[in-house]
């Protein structure tokens, strides 16, 4: 029974982080119909920013969240404004190629700057945690989970309650109508990409506390983001949380009940099932997922 | 009717126009390519003319991708030899010194790409002497290509026994093969006063880790240690915590894990989080790699690793006249970090060629292959002598334990630098 609770908690805790890693990807995809293949690399950049700030100033990794968030927001804003906005009207392949190129560029830049060595951040409380019977709940994972869910909810509030958030949502529903209503569509796109990148950066910070990373670890997160977004529903914030936690639970239970070797098989099997039974995702609304030209 | 005919014609006209346009552009491109390439071709001809007194080796390496950390160490090892032999004027072969050059390609840590690049090295670059890639997974297909073209490959980082059990004639390895990896740790464990009784084995689902842990299972059974858990996890996993929760329930005395550095850092971190407390904790790879101890801090304490080489071993080569510790010192001066076993193991592959080429000259690949098979030399990496399968039977493995963040050789006793800490004290 201990094992059951342990695996359940592990699944939920890693699921929260998955959700945070996927949400930026989901927003960018949902609003602009743009699949950002460089998403994983942006997460890794966030992790490196945290690594550099903690090792230089000796501050707690969780305190670097605003630093990585702001840095990535600015980077994302500039990338969208000066690069992607030029091709976004064209075919989807153009944006795929552009973000793929961006991904390669970022990875190789990291290799030059940070070298291929693995990094991991080990704060003093790493490895410590609450013990509940024989069930261990590590502080770092709880911290990452709380911040991840908190940030995702904050983003959800921002999208639903602020003027800018409404402008972004309006643009995602119908960009021509939004433009007629006075929304500067390209500016909204730049801000949206900035928000997506900023979320990726903060997910990177949270990830760096738990996992080890190197310039090439990003692709795993891009893959996971794909699965989560499709599971939860495109562009839906609660969907990302649900999708993330389902993926986390599926992976963890598969590795205990079947064999750790099957965990990826199980999560992708789940993806196929969802695509067959409910193509718009568990909490997806039809409108977000419609492909526009 | 008329409309459709008209439309059809218009379409045809459009298609033809496009075809003509494409043709025009294509011929333009061809002429530009020719103009641009002419100087390049001239250059390459002149460089091959000059290249008479150069020996060229070729290698495909994991310079990017998930094994980039290890791949870079291998390249530095190869480059170390190249730098110092060229400083001495080159390899003296039949009274004439030959400079050394290595053609590198990056296989992005992908075995399929490695095999393709080795073929490119042989066919396009006309390389007659091959060096190995990084990892067993890449060496396995790459050595098949070498065998196909009958070009010798002296490899330094494919330790899977299966590489040598295919009856190949052209592949040789400077390192000890994987079946000997767990032997040191388990023999040491069995010789303790209060020997451990149970063992758990975890590995990444890849060639080298799998064979290492299979070897560990067999060896443990032979020594009467009970295997309570043995599982593999898929490559690229970011979360091992639930697997480790199961290990905790089994409460093994020894925990052995096989995988590459990224996973091993993760494993050690999450083992602590999950409260796994083995009396003995060994990894097939990691503790001696640069960055490992920095990443884990005190959590890396007391980890064991079987090693091919350490700087305090009493070995000395006759090409440079350097001992293992000389190698470490000079390497650190050149590359800015203290070498683990990867660089000397790589440099030793070139020493094998060095001796073989001195014996038979810049002969055809088959003759050089025969000279390599007769190798019996001493290097700063240790003695090298091949059996009929191409495995190095000259040396054996040692075991280190991380103590105060430094690797300390604890086994075998005759080259030990310190005493094994057993059982591991918790918390540390």
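In table form, for the structure just shown:
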read-out	value
Answer from A:35, A:44, A:59 - the residue that is in a helix (DSSP H, G or I) and either within 28 Å of residue B:297 (Cβ to Cβ) or away from chain B (no Cβ under 14 Å) (or both)	A:44
Filter result for residue A:99 (modelled with pLDDT of 90 or more, more than 14 Å from every other protein chain (Cβ to nearest Cβ) and closer than 30 Å to residue B:298 by Cα)	no
Qualifying positions in region B:79-108 - assigned to a helix (DSSP H, G or I) and crowded, with 23+ Cβ neighbours inside 10 Å	B:81, B:85
Hits in region B:118-157 (condition: without any contact (Cβ under 8 Å) to a residue 40 or more places away in the chain and surrounded by 24 or more Cβ atoms within 10 Å (Cβ to Cβ))	B:139, B:143, B:146, B:153
Residue count, region B:207-238 (criterion: without any contact (Cβ under 8 Å) to a residue 60 or more places away in the chain, over 15 Å from residue B:257 (Cβ atoms) and within 11 Å of chain A (Cβ to nearest Cβ))	1
Residues being within 14 Å of chain B (Cβ to nearest Cβ) and outside any helix (DSSP H, G or I) - total across region A:229-273	2
Search result, residues across region A:109-123 that are free of Cβ contacts under 8 Å to residues at least 12 places away in the same chain and facing another protein chain (nearest Cβ under 9 Å)	A:115, A:122
Among (1) under 30 Å from residue B:63 (Cα atoms); (2) in contact with a helix residue (DSSP H, G or I) (Cβ under 6 Å, 6 or more places away or on another chain), the one test that residue A:100 misses	(2)
Among the candidates B:359, B:250, B:333, residue that is surrounded by fewer than 20 Cβ atoms within 10 Å (Cβ to Cβ) and within 14 Å of chain A (Cβ to nearest Cβ)	B:250
Hits in region A:177-219 - residues which are within 14 Å of another protein chain (Cβ to nearest Cβ) and assigned to a helix (DSSP H, G or I)	A:203, A:204, A:206, A:207, A:208, A:209, A:210, A:218, A:219
Residue A:92 being surrounded by fewer than 18 Cβ atoms within 10 Å (Cβ to Cβ) and more than 10 Å from every other protein chain (Cβ to nearest Cβ)	yes
Condition met for residue B:276 (assigned to a helix (DSSP H, G or I) and within 14 Å of chain A (Cβ to nearest Cβ))	no
Yes/no for residue B:201 being in contact with a strand residue (DSSP E or B) (Cβ under 7 Å, 6 or more places away or on another chain) and either in a strand (DSSP E or B) or under 30 Å from residue B:320 (Cα atoms) (or both)	yes
Meets criteria (assigned to a helix (DSSP H, G or I), over 12 Å from the mean Cα position of the chain (by Cα), modelled with pLDDT of 90 or more and within 12 Å of chain B (Cβ to nearest Cβ)) for residue A:49	no
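Every residue, every condition in (1) over 29 Å from residue B:236 (Cβ atoms); (2) crowded, with 17+ Cβ neighbours inside 10 Å, yes or no:
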| site | (1), (2) |
| --- | --- |
| A:81 | yes, yes |
| A:85 | yes, yes |
| A:125 | no, no |
| A:130 | yes, no |
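Table: residues versus (1) within 14 Å of another protein chain (Cβ to nearest Cβ); (2) within 18 Å of the chain's Cα centre (by Cα); (3) at pLDDT 95 or above.
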| site | (1), (2), (3) |
| --- | --- |
| B:69 | yes, yes, no |
| B:95 | no, no, no |
| B:110 | yes, yes, no |
| B:113 | no, yes, no |
| B:122 | no, no, yes |
| B:133 | no, yes, yes |
| B:136 | no, yes, no |
| B:144 | no, yes, yes |
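The values are calculated or read from the model by the stated rules, or taken from the named source; none is laboratory data. From a predicted model like this one, the values you see are computed outputs, not experimental measurements. Methodologically, a virtual Cβ is constructed for each residue, glycine included, from the backbone with ideal geometry; neighbour enumeration extends over all protein chains shown.
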